[in-house]
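Enquirer: The structure that follows is given in the form of structure tokens.
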Amino acid sequence: MSIKIGSASELNVDMASVASFYQANWARRIALSNEQFYKWQFLDTPNNISDQCCLAIKGDVILAVMGLTERPFFLKNREQKGAELTTWIVEEKSRNLGLGPKMLDYLKSKYSVMFGMGISEQALPIYLRMGFKYLKSIPRFIRVLNHEAVKKFGHDTPLVKKLSKTKSKPTKYTCLEPSKHIVDEIFYTFAASNNLFVRDYSWINWRYIEHPSFPYQVKIIENENHEKCLVAYRVDVLDDLKIMHCVDLLGNKRACLSAISFLEDESASLEVDIIDFYSTNSDINSLFIYKNWLPVLEYDFFDFPHLFHPIELRRPSTTSLIMWTKEEDPSLYDIGKLYITKQDCDFDRPVAENL
């Protein structure tokens, strides 16, 4: 019996079967084995399409799954057929059948742009042989509000304590609720000069407001000149640690500077210990450097966990990125113009116990 490669929909494999495969073949309990979360992640997107997760099957037996959210990507201000890849599993007894290259060949024939994060040592050689590009570490920035949290969970030095007290001049802002008109205007203006997955109102609403587990906050920040940006964040309350994850910040650059002041003010009022933010985009990252956030990749004297369930310090304390485009053009790999954050590629996913 031959092996077939295709989407779950094309192969007539139902959601329950794929979720069960994740549960049976992942070392720990995983959110994708929860059918409600799986449905939100792969079926309830604004595309309103069928299940596009990539499967390898033999008869009615699943041999491998690549989680996939089909999502438009804007490259050079042109909409491309994009895919966010996540959680690739090949069952143990099928790992020498060449399924990896076959699955990626199928996806390359179907999509124009693909990204994935948190790439394992086993998967990386396959991606590279298939023409994907690799970024080992996405820049990550941290604002320390409570130095005791660093002492307990991170790599601490006297210099960290001194730098944590350094603050830049605050900027004035007004906090507004998001509307379709404002969010769409912010996204399409930002997409004119940056490369990113779609973040119009429908996708922001799906990603944050309709999330089945995390209580995200989405705000529009307006500065004194009435320039606007969008910021999204959530607060994670753990034993002896309260951390704010900023998962999106895009829009007018001066307004984004005001949004960082908003995050710092909001964190102080919520008694947050640490704020963190991941981003590939050099324009956005320059603002965090200016505001004296600690760049994890650049400072050997400081580090802080990026895994929190359980809290675990690994180095580098950020994540990796693979990317591919069908276009014969290097524009996608201009990392300074690329905007990838913690919200992309299923990186900010709850553990099964939090569902």
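Enquirer: Testing the spin-label approximation: label points 7 Å from Cα along Cα→Cβ at S9 and K76. State their distance in nm.
Expert: It is 2.9 nm.
Enquirer: Which of L287, L230, L249 moves the most in a Gaussian network model of the chain with Cα springs under 10 Å?
Expert: L287
Enquirer: Work out, step by step, the length gained on full extension between S179 and R95: first 0.36 nm times the residue separation, then minus their alpha carbon distance; give nm to one decimal.
Expert: Full extension from S179 to R95 adds 25.5 nm.
Enquirer: Pick from K219, K253, K110 the residue whose mean-square fluctuation is largest in a GNM of the chain, springs joining Cα atoms under 10 Å.
Expert: Among K219, K253, K110, the largest GNM mean-square fluctuation belongs to K110.
Enquirer: Could you give the length gained on full extension between M130 and H309, defined as 0.36 nm per residue of separation minus the Cα-Cα distance, in nm?
Expert: Residue separation times 0.36 nm, minus the Cα-Cα distance, leaves 61.2 nm.
Enquirer: Just T45, T171, T341 to compare: in a GNM of the chain, with alpha carbon springs under 10 Å, which one fluctuates most?
Expert: Of the options given, T171 has the highest mean-square fluctuation.
Enquirer: For a Förster distance of 25 Å, can you work out the FRET efficiency between the beta-carbons of E224 and S193, rounded to the nearest 0.05?
Expert: Working from the Cβ atoms, E equals 0.60.
Enquirer: May I ask for the angle, rounded to the nearest 10°, between helix 15-25 and the longest principal axis of the chain, with both axes built from Cα atoms and the value confined to 0 to 90°?
Expert: 80 degrees
Enquirer: Can you say what percent of the DSSP beta bridges in the chain, counting only those with both residues inside, are antiparallel? Round to 5.
Expert: Roughly 85 percent of the DSSP beta bridges within the chain come out antiparallel.
Enquirer: What's the exposure ranking of W88, W26, W203, going from fewest to most Cβ atoms within 10 Å?
Expert: Ranking W88, W26, W203 by Cβ neighbours within 10 Å, fewest first, gives W26, W203, W88.
Enquirer: Can I ask one more? Would you please give the FRET efficiency between D44 and K161, computed as 1/(1 + (r/R0)^6) with r the Cβ-Cβ distance and R0 = 51 Å, to the nearest 0.05?
Expert: E between D44 and K161, to the nearest 0.05, is 0.70.
We did not get these values from a lab; they are worked out from the coordinates using the rules stated. In this text, all values refer to a predicted model and were calculated from it rather than measured experimentally. Here the Cβ is made from the backbone with ideal geometry for all residues, glycine too, and neighbour counts use every protein chain on show.
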